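The values are calculated or read from the model by the stated rules, or taken from the named source; none is laboratory data. If you're wondering where the values come from, they're calculated on a predicted model, not measured in any experiment. Please note: Cβ atoms are built from the backbone with ideal geometry, for glycine as well, and neighbour counts cover all protein chains shown.
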Amino acid sequence: MQFMLLFSRQGKLRLQKWYVPLSDKEKKKITRELVQTVLARKPKMCSFLEWRDLKIVYKRYASLYFCCAIEDQDNELITLEIIHRYVELLDKYFGSVCELDIIFNFEKAYFILDEFLLGGEAQETSKKNVLKAIEQADLLQEVRYTPNHSHVWQI
Amino acid sequence: MPAVSKGDGMRGLAVFISDIRNCKSKEAEIKRINKELANIRSKFKGDKALDGYSKKKYVCKLLFIFLLGHDIDFGHMEAVNLLSSNKYTEKQIGYLFISVLVNSNSELIRLINNAIKNDLSSRNPTFMCLALHCIANVGSREMAEAFASEIPRILVAGDTMDSVKQSAALCLLRLYKTSPDLVLMGEWTSRVVHLLNDQHMGVVTAAISLITCLSQKNPDEFKTCVSLAVSRLSRIVSSASTDLQDYTYYFVPAPWLSCKLLRLLQCYPPPEDGAVKGRLVECLETILNKAQEPPKSKKVQHSNAKNAILFEAISLIIHYDSEPNLLVRACNQLGQFLQHRETNLRYLALESMCTLASSEFSHEAVKTHIETVINALKTERDVSVRQRAADLLYAMCDRSNAKQIVAEMLSYLETADYSIREEMVLKVAILAEKYAVDYSWYVDTILNLIRIAGDYVSEEVWYRVIQIVINRDDVQGYAAKTVFEALQAPACHENMVKVGGYILGEFGNLIAGDPRSSPLVQFNLLHSKFHLCSVPTRALLLSAYIKFINLFPETKATIQEVLRCDSQIRNSDVELQQRAVEYLKLSSIASTDVLATVLEEMPPFPERESSILAKLKKKKGPGAVSVTELDDGKREAGELNGGGDRGPDTASTPSPSADLLGIRSAAPVGAAQTNAVAVISHFHSYPFIPYLSCCLSASIPALFCGLSLHPCPVLWPPSSAPPSEDPAPPLSEADELLNKFVCKNNGVLFENQLLQIGIKSEYRQNLGRMYLFYGNKTSVQFASFTTTVSCPGELHKPVEPLVEGGAQIQQVLNIECITDFSDAPLLNIKFSRYGGALQNLTLKLPVTINKFFQPTEMSSSDFFQRWKQLSQPQQEAQKIFKANHSMDTEVLKAKLLGLGTALLDNIDPNPENYVCAGVIQTKSQQIGCLLRLEPNAQAQMYRLTLRCSKDTVSKRLCELLAQQF
C-alpha cells in the first residue's frame, strides 16, 4: 500500500498515512485530486478505480471515506477488508466510533493504525492482538480513556 | 464538547481543536492558528523550562496544525526531546511528530537516531516497537545507514517478543525498499525464510511481506520459501473455520496470510518437486471448490475475504499458465462473476479475465463470454467497469471475432465517456489494422472512427491509414471512393478533410471516371471545406490541389484561379502564402513532364512498427498491455504494412527513423516516430517542391524562376568570407563523425548527455535535403537554441528557440552542389540550459562530394576505355592502407553501394577486386569517376585507385574512402 487517506464527505482530510516518500506539495496535490475524484462517485459504483499507475480502493463509512492506494499486483478485495478491519479496531477502541473521535483523538487513530499496518503491509490482523497492544500502551498512561459521545457508526 | 474527557488531560488541545472547528471562515481559522503558533513559539522560547506534559501538548498542537495543511517550521527540537522522556505517552507523541514531520536536518537526524538506538536496546518491547515504527514510517537513508544491520538481528533473535519481530520484519522491508544496498540479509536469509514456520500467525503475516519483496529481487537465495509457503497454505486452506481463532475473519481462515502466501508463490515458477506441486494444485482446487459452496455468512466481509483468496489463486494459476484444467475452471468461475450483482466482483472478473485471455489454454474459454462482456460495455453504470469491459474485449479479440468487437467498440464510442475515448480510438485503430483481412474493412473502420470521434483521433491514427493506403494498391480505389463519400457530409471532421485531401490528391484519378466524382466535383468538394479548416489542413489541401493539376489537367485553370486569389497568395500565414505562390508558379511554368515527375505518386512507406501501438504503450505504461500481445501486434503490423509487394525499392529504402530518433527508451520512441511520420507525410509526399520556410515569401517569385531550386539556404562552394569568431572550433571528433556518414545518409550524428542530433538526408542529382533532429535528452528546457550553418560563409537558419525537456525539434536544410568541394559545411549549435553554461559546439555536416554521385552502368570495354582516357597523373589518386573494418564481401559491397556509385561486375579480371563508376553532379559540371578497390585478405590491406575527370575530386574521394574500409 502506498498511502491511506481518511476524509469527510465535505472533503476535509481527517487522517493521512504515507508509506512512500513524497514531498508535502505532492501529497497535497494527490489528496486534492483523490478527494475530488472519490467524492464525485455515486453510491452504487464499484469501490476500485485506476488512478495514475495505482489502484484506488475506497469505502464509505457514515460520513467518512477511507481510501487506500495500492500497487498493480496488490489485491483489491483484501484491501477493502483492511479498511474494514481498521474501522472495526477504531470502533472497538472508541466504542462505536464516529468522525469526532478521530478529529479529537487523531493521535490515537495513528497509533492504532501503526499497530495494524506498518510500512504499508499488514503487521497484525488479529483484532484481539492489536487491541491488546494498544491497551498495554494505555496502561502505561496515567488515566484511561473513557468514551463519551452519541454518534454511532453503522458497520 | 464531545470526547474530550480524556483523563490524561491535553485539555488545551481539545479546546484548541474545538476552537478551530467553530471557526466560521478560512480567515478566522488562519487567525486562530497564527495566534496559537505565536503562543507556542513564545512558550518554547521562554526562559522557563517547560515540563514534559506541556511540551507534549504543544507538540501535539503543532502536529494538528500541520495535519490541517499548514506549514510548521519549528518544534522539531522539542519533539526530539520528548523521545528521551521516560513517560510513554510523551515518547509516543514525540515519535508521532517525528514520523509525520521529519525533515533532513542532519543535526536532528543524529539526535533522533540516538534516541531510537536507546529505545532499541532498552529491551522494553513497547519502547522497541515505538522505535521500529518510527524507522518504518520515516524510512530515510540515514536511518537505513544507522539501523539496517541491527534490525535483522532483532528479527531472528530467539528471545525477541513476537510483536517486536512483527515490527522488525516490516521495518526492514521499508528500509529495503528505500535503500536495498544497505540491507544485506546474507547470513540471516535462512532464518528469515523459516519465519514462515513460526507458530505465531502474526509473525508469519508480517514476515511474509518482507520475504516476498526479497524473493522478487533475489529469487535464488530465497527459493526454499516455496515449499514452506505451500505447506503453510495447505494447512490454512484445509483448516476448519474456527481452528485459527482470532485469525479467522468472518468465517474465512487467515485471509490476509493466504493472499500473501499466494502472492509469494507468484515470484516463482511452478514447484519442481512433484509432491510440493501436487499439494499446491490440491490447495488451488480446494479454493476453487470453496467458491461454489454456499456462503457461511451473508456479510459482505465474508464473501470479500473468500473472494480475495480466490482472485489471488486465479492470479497464481494464470502466472503458472501450465495447468489447462485449472485455467479453464478459473475462467468459468470468473464467467459467473461477470453476472454477479456485486459491482466490485464484476469489475475484478473483467480485469482478471483480461490476463486469462492471453493464455493459449484459456483464450477460447474467455471468448465464450463475449456477449456478456459486450453487454457490460453497453449497460454498466460505472465508467470504470465499462473501461474494464473495453479492455477485455480488446484482449479477447482475434481474427475470428474482430469484426464484431470492432463494431461494438465503434458503436460504444458514440456515447463513450470523454475520459476513455482517446484510448478507445487507439484500440479500435490497432485491432482494425491487426486483424484486417480485407483492407476495405480497415479503411471503413478508420473513417468511421474519424466520423464518430474525430476529436480523439490522434495524428498517429490518420497517418497510419494513409501509410497503409499508399502501400497497398488494392485498396487505393476503394479508399478514394469511400473518403469521397464521407466528405459529402455537410459537417465533417477536420481529420476527415486531411485524409480526404491526401487520398484524393494521390488517388483521385481512380474514381474520376464516374461523372459523380469527376475531377472538378472532387476539387469543389475539397475546396468547400477549405475555409473552415486550420492552417496545417489548408496547407495540406493546397498540396492536394497542385497534385490535382498533375492528375487532371482540366482542373488547372480553376485551381490556378483559386491559388491566385488574394486570400491565398497574400495570406498572412507565411506557410500558406508560400505554398500558394510556389504552386502557382510551378503550375504555370513547368512542362507536363516536369510536373509529372515533381508530383508523382508517393513512394511506399518503409516498414515500421505501427506508431499507434507505440502510442498506446506510452499511454498505458508497461504492463497494461501484455508483452506477448505487443509482440504479436508488432509482427502482424509489420506484415501488413510491408506485405504490399511493391518491388525491391521498399527493401532498399533505408529504414528511416527506427534508431535514428530513439532518443530515450520505450515510450518516447513512439513520440519520435510520430515526428518522423510527420516529416514524411509533409515533405516526402511532394518530393521536389522546395520547402522554403526560411525565406520571406515576398522574395520567392524572383528566386523561383525556371525551377532551378536556387533559394537553398546552403550554397557552396565556400565563399571567401571567414567564419565568424563566435562559434566554437569544430569538435576534435568532427571528422570521425563525418566519416560515419560517407556511405550512409541516416543516423545519429552526435550525442552527449544533453543533446542528440539525428540526421536523415536524401539526394538527387546535385540537390539534397537534410532533416536535422535535435533531441533534448534532459528534463529541462533548452533556451536560445540557435543553429548556424556555415560553409564557411554563414547563414542563420531559424529553429524554435526553445527545446523543451525530452522534446525534439527538427530543421530542414536544402542543399545544392554548385561545384566540387572538399570541406564539409560546419554546423554550429548554441543553447543555454537552466543553471548551466552556454553550450557551444560545432560539428561538420555530413555532406560529402560523393553524395551527388549518379551511378553509371557500363560494359567492361567502356570501362577500360574511359580508364585509359583518364590517364593524366593528377587525375589518379591512389592509396594503400590497412583494413580497419571487416573485409567481408557483403559488407564491402554495401559500403560501395552506399557511396552512390554503380558497383560493376565482371570488369576486373580478378574477381576479388571491386570496380565502381559514377558521375558527380554539380551545378556547373559533371565529373566522371571510376574506382577500383583491391583487397588483400592475407595482408589485411587494400589498394584503392580513383580516376576522375577532375583532380581535386580524385584526391578528396580517395581521402574519404580510405577511412571507410
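All of (1) more than 26 Å from the chain's Cα centre (by Cα); (2) farther than 29 Å from B:ASN375 by Cβ hold for B:ASP444 with one exception: (2). Quick check on A:GLN2: is it in contact (Cβ under 8 Å) with a residue 60 or more places away in the chain and either more than 10 Å from chain B (Cβ to nearest Cβ) or not hydrophobic (A, V, I, L, M, F, W, C) (or both)? Answer is yes for this residue. Residue check: is A:GLU71 among the acidic types (Asp, Glu) and out of contact with any helix residue (DSSP H, G or I) (no Cβ under 7 Å at 6 or more places or on another chain)? Judged against the criteria, A:GLU71 is a match. Return yes when A:GLU81 is crowded, with 20+ Cβ neighbours inside 10 Å, outside any loop (DSSP other than H, G, I, E, B) and among the charged types (D, E, K, R) and no when it is not. So A:GLU81 fits the description; yes. For A:LYS28, indicate whether it is of a type in the set (Lys, Arg) and farther than 25 Å from A:LEU131 by Cα. Considered against the rule, which asks whether it is of a type in the set (Lys, Arg) and farther than 25 Å from A:LEU131 by Cα, A:LYS28 comes out as yes.
Residues in segment A:103-134 that are at the interface with chain B (Cβ under 7 Å from one of its Cβ atoms) and of a type in the set (A, V, I, L, M): 4 in all.
How many residues does segment A:22-46 hold that are within 11 Å of chain B (Cβ to nearest Cβ) and under 15 Å from the mean Cα position of the chain (by Cα)? Going through segment A:22-46 one residue at a time, the tally reaches 1.
Selection within segment B:861-888: residues that are small (Gly, Ala, Ser) and under 20 Å from B:TYR942 (Cβ atoms). The member of this set that is surrounded by the most Cβ atoms within 10 Å (Cβ to Cβ) is B:ALA877. Here B:ALA131 meets the list (1) surrounded by 19 or more Cβ atoms within 10 Å (Cβ to Cβ); (2) without any contact (Cβ under 8 Å) to a residue 24 or more places away in the chain; (3) among the small types (Gly, Ala, Ser) almost entirely, failing just condition (2). The listed residues are A:GLU135, A:GLU88, A:GLU124, A:GLU107, and the only one of them that is of a type in the set (Asp, Glu), modelled with pLDDT of 90 or more and either farther than 27 Å from A:ARG9 by Cα or part of a loop (DSSP other than H, G, I, E, B) (or both) turns out to be A:GLU124. Looking at segment B:137-168 only, could you name the residues that are under 17 Å from A:ALA137 (Cβ atoms) and not acidic (Asp, Glu)? Selection gives B:ASN137, B:MET161, B:SER163, B:VAL164, B:GLN166, B:SER167. Among the residues that make up segment A:98-119, is at least one of them under 13 Å from the mean Cα position of the chain (by Cα), over 20 Å from B:VAL100 (Cα atoms) and surrounded by fewer than 23 Cβ atoms within 10 Å (Cβ to Cβ)? Yes, segment A:98-119 has at least one match. Specify which of the listed residues (B:PHE44, B:PHE97, B:PHE74) is within 11 Å of chain A (Cβ to nearest Cβ) and not small (Gly, Ala, Ser). Only one candidate passes the filter, namely B:PHE97. Which of (1) assigned to a loop (DSSP other than H, G, I, E, B); (2) out of contact with any Gly (no Cβ under 8 Å at 6 or more places or on another chain) is the odd one out, the single condition A:GLU50 does not satisfy? Status for A:GLU50: all satisfied but (1). Closer than 19 Å to B:ILE309 by Cβ, of a type outside the set (Gly, Ala, Ser) and either facing another protein chain (nearest Cβ under 10 Å) or in a strand (DSSP E or B) (or both), is that true of A:LEU100? For A:LEU100, the condition - closer than 19 Å to B:ILE309 by Cβ, of a type outside the set (Gly, Ala, Ser) and either facing another protein chain (nearest Cβ under 10 Å) or in a strand (DSSP E or B) (or both) - is not met.
Every residue, every condition in (1) at pLDDT below 95; (2) more than 14 Å from chain A (Cβ to nearest Cβ), yes or no:
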{"site": "B:VAL230", "(1), (2)": "no, yes"}
{"site": "B:LEU244", "(1), (2)": "yes, no"}
{"site": "B:ALA254", "(1), (2)": "yes, no"}
{"site": "B:LEU261", "(1), (2)": "no, no"}
{"site": "B:LEU264", "(1), (2)": "no, no"}
{"site": "B:GLY274", "(1), (2)": "yes, yes"}
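Might you let me know whether segment A:18-29 holds any residue that is over 20 Å from B:ALA349 (Cα atoms) and in a strand (DSSP E or B)? Yes.
Could we say that B:ALA486 is within 18 Å of B:GLU601 (Cβ to Cβ), under 34 Å from the mean Cα position of the chain (by Cα) and hydrophobic (A, V, I, L, M, F, W, C) here? Answer is no for this residue.
Looking at segment B:438-508, the helices (runs of 4 or more DSSP H) lying wholly inside it that each contain 1 or more residues that are over 27 Å from B:LEU616 (Cα atoms) sit at B:473-486, B:494-507. Among the residues of segment A:110-121, those that are hydrophobic (A, V, I, L, M, F, W, C) and either in a strand (DSSP E or B) or within 15 Å of A:ARG60 (Cβ to Cβ) (or both) comprise A:LEU117, A:LEU118.
To keep it simple, each residue is scored yes or no on (1) under 27 Å from B:SER761 (Cβ atoms); (2) in a strand (DSSP E or B); (3) of a type in the set (A, V, I, L, M).
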| residue | (1), (2), (3) |
| --- | --- |
| B:ASN850 | yes, no, no |
| B:GLN854 | yes, yes, no |
| B:GLU857 | yes, no, no |
| B:MET887 | no, no, yes |
| B:LEU896 | yes, no, yes |
| B:CYS916 | yes, yes, no |
| B:GLU934 | no, yes, no |
| B:CYS958 | yes, no, no |
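Note on segment B:339-364: among residues that are over 33 Å from the mean Cα position of the chain (by Cα) and of a type outside the set (Val, Ile, Thr), the one that is farthest from the other protein chains (Cβ to nearest Cβ) is B:GLN339. Among the residues of segment B:437-467, those identified as modelled with pLDDT under 85 and within 16 Å of B:ARG399 (Cα to Cα) are B:VAL437, B:ASP438.
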